Amino acid sequence: MSVKKMLIDGEWVLSSSQETRDIINPADGSVIATVAEGTSEDAKKAIQAAKKAFYEGGWGETSAYDRASLLRSFADELEANVDEIAKLETLNTGKALIESEYDVYDSANILRYYAGIVTQPSGQTYTLNDPAVQGITVREPIGVCGLIVAWNFPISLAIWKIAPALAAGNTIVFKPSEITPLSAVKMFELMEKAGYPKGVINLVMGPGATVGNELAESHDVDKVAFTGGIVTGRKIMQAASGNVKGITLELGGKSPNIIFADADFDTAVDYGLYGMFYNQGEVCSAGSRILVEDTIYDKYLEALVEGAMKIKIGNGLDEGVKMGPVISKDHMNKVLNYIKIGKEEGATVACGGYRIMDSGYEKGFFIAPTIFTDTKPDMRIVQEEIFGPVVVLQKFHGEEEAVKLANDTTYGLAAGIFTSDNGKALRVIKKVRAGITWVNTYGPVYPEAPWGGYKQSGIGRELGTYGLDDFTEVKQININTNVGPTQWFHE
Ligand code: NDP
């Protein structure tokens, strides 16, 4: 098996340490590829290449039209290779093939969205308290951007950062999760094919503690954009403080999905399942706390359990499979440990609660969809992000208690509300402290709409115009039309 290489300064290279890492298929534990395991030395080289490309290679001064054209070419390449990339993604992450295909098409849409808006008018003209001076603002690229992502949506998380960063005219050093780098290798091959110049795009694989930390710490990196867990997010904030670089943090969540008794029942059950068990529950915005109004609680629980037990679980490449294994053995053990904690805390397992060891599943990391009832707000399974197919149900009475329970978390990423009363929906949603909210739906992501969290779910926004703004600096330009000395010191 040939070793998959990293892209640094236009060259595909092995690690400076010659070290490699085996990449595992979580559906059966087999080795599916071997990749270069980069070092901080490799990250340093990539940063210098990106710096040179920005300041000396002229990338920072390219026209928005040229950058838009490259984004479109890259989008075309992605779609033309959808079968290969989606299969790689499913082999590497375990997710259902249909989800991987969706991620590729969605990514192509995001690239085209940024290709569209980057040529639109931006900036302001303003009237100053001096009629002789005209003020305008322009947006400029920040410089070298370090992009670091998690393993749950390797293609999408990459594109959410790569598209706006390059659209704005920055150069990039990208680090995928060390356990899910395969789709990134393919995407960087396609970016090269699309025509990105040497040094503008760099891919460095390897551990967060070395490669990731170098990107966060280096004084030659001007901005770091990160998706991952809160503990790492805090480390990145600290490392980034050395040169006060800009940061975007997309962190975790423990998001409430609020079901009122007047909601369309079947829709609310369907989105309870979709909002929680899509991608095995490995979704930052998963509706991992379902808050149900007391008058329909029993009926809702029964329908949710029935639906969860019908989910087709298996190898993501198999026909009709809708839920795959969790990402790794370590992560499976972490999720199983949370199930144990939940039982010890006194919650009741209404369904699931175990690793699936049936014939054909025993080598993979499969966990049965798990629903906890009899929960209390201070339980760890209610407060902490489990990031697997485990949901907790909470009972409430009326709007006030729904809002109180919804906000009883250190996170503030997402929230959903199901009701047939639009007034109630808006009243409740405006009181919920979360950055992404849905009414009578749960989970869709739109390229045009800003993504990001309140409280400890992060800093900044991705996607939409906000996502582009976060990869730019704003410069004010003030032009004096009445040239002459001020005579301040010599009247
Ligand atoms: P981690 O925080 O463990 O890792 C995320 C990335 O950061 C990985 O590439 C990792 O490298 C790297 N990293 C680790 N340590 C450092 C460091 N000291 N400096 C710089 N980089 C570092 O998260 P997980 O991969 O476990 O992902 C799960 C988390 O991601 C969940 O909390 C989830 O909620 C969050 N997430 C948030 C999203 C959002 O949009 N808000 C979307 C998706 C996920 P390595 O390769 O070593 O792992």
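Details
- The single residue among THR373, THR409, THR348 that is crowded, with 22+ Cβ neighbours inside 10 Å, assigned by TED's automatic domain parsing to the domain that holds ASP266 and among the polar types (S, T, N, Q) turns out to be THR409.
- Residue match in segment 428-436 (condition: under 28 Å from VAL349 (Cβ atoms), within 17 Å of the chain's Cα centre (by Cα), of a type outside the set (Asp, Glu) and in the same structural domain as ASP262 (by TED's automatic domain parsing)): yes
Here's the yes/no breakdown for (1) of a type in the set (S, T, N, Q); (2) assigned by TED's automatic domain parsing to the domain that holds LEU78; (3) open to solvent by less than 10 Å² (accessible area, probe 1.4 Å):
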{"site": "GLU178", "(1), (2), (3)": "no, yes, no"}
{"site": "LYS186", "(1), (2), (3)": "no, yes, no"}
{"site": "GLU189", "(1), (2), (3)": "no, yes, no"}
{"site": "ALA194", "(1), (2), (3)": "no, yes, no"}
{"site": "GLY199", "(1), (2), (3)": "no, yes, yes"}
{"site": "ASN213", "(1), (2), (3)": "yes, yes, no"}
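- Applying the criterion of being of a type in the set (S, T, N, Q) and either assigned to a strand (DSSP E or B) or exposed (fewer than 11 other Cβ atoms within 10 Å of the Cβ) (or both) to the residues of segment 455-491, the residue that is farthest from the ligand (Cβ to nearest atom) is GLN487.
- For segment 231-250, the criterion of being surrounded by fewer than 24 Cβ atoms within 10 Å (Cβ to Cβ), among the hydroxyl-bearing types (Ser, Thr, Tyr) and without any contact (Cβ under 8 Å) to a residue 12 or more places away in the chain is met by at least one residue.
- Selection within segment 439-466 - touching a Pro at 6+ places or on another chain (Cβ under 7 Å) and farther than 16 Å from ASP106 by Cα: ARG461, TYR466
- VAL439 in contact (Cβ under 8 Å) with a residue 40 or more places away in the chain and touching a strand residue (DSSP E or B) at 6+ places or on another chain (Cβ under 9 Å): no
- Residue in segment 371-382 that is closer than 22 Å to GLY443 by Cα and among the hydroxyl-bearing types (Ser, Thr, Tyr) present: no
- Some residue of segment 184-202 being in a loop (DSSP other than H, G, I, E, B), within 9 Å of the ligand (Cβ to nearest atom) and modelled with pLDDT of 95 or more: no
- Condition check for ILE172: under 16 Å from ILE8 (Cα atoms), among the β-branched types (Val, Ile, Thr) and open to solvent by less than 10 Å² (accessible area, probe 1.4 Å): yes
- Failed condition for ALA75, given (1) outside any loop (DSSP other than H, G, I, E, B); (2) open to solvent by less than 50 Å² (accessible area, probe 1.4 Å); (3) in contact (Cβ under 8 Å) with a residue 60 or more places away in the chain: (3)
- Selection from segment 10-27 of residues that are under 26 Å from the mean Cα position of the chain (by Cα), of a type outside the set (Val, Ile, Thr) and buried (at least 16 other Cβ atoms within 10 Å of the Cβ): ARG21, ASN25, PRO26, ALA27
- For segment 420-454, taking the residues that are open to solvent by 80 Å² or more (accessible area, probe 1.4 Å) and part of a loop (DSSP other than H, G, I, E, B), the one that is farthest from the ligand (Cβ to nearest atom) is identified as SER420.
- Selection from segment 351-370 of residues that are open to solvent by 30 Å² or more (accessible area, probe 1.4 Å) and of a type in the set (A, V, I, L, M): MET357
- Helices (runs of 4 or more DSSP H) lying entirely in segment 206-280 (those with 2 or more residues that are away from the ligand (no atom under 15 Å from the Cβ)): 265-277
- Flag: ASP106 does not match the condition of being of a type in the set (Asp, Glu) and open to solvent by 40 Å² or more (accessible area, probe 1.4 Å).
- Residue that is nearest to the ligand (Cβ to nearest atom), among those in segment 109-150 that are under 21 Å from VAL283 (Cβ atoms) and either crowded, with 20+ Cβ neighbours inside 10 Å or modelled with pLDDT under 95 (or both): ALA150
The values are calculated or read from the model by the stated rules, or taken from the named source; none is laboratory data. What you see is a predicted model, and the numbers here were worked out from it, not measured in a lab. Methodologically, a virtual Cβ is constructed for each residue, glycine included, from the backbone with ideal geometry; neighbour enumeration extends over all protein chains shown. Please note that ligands, DNA and RNA were not included when accessible areas were found on the heavy atoms of the full protein model with its side chains. Shrake-Rupley method; radii C 1.70, N 1.55, O 1.52, S 1.80 Å.
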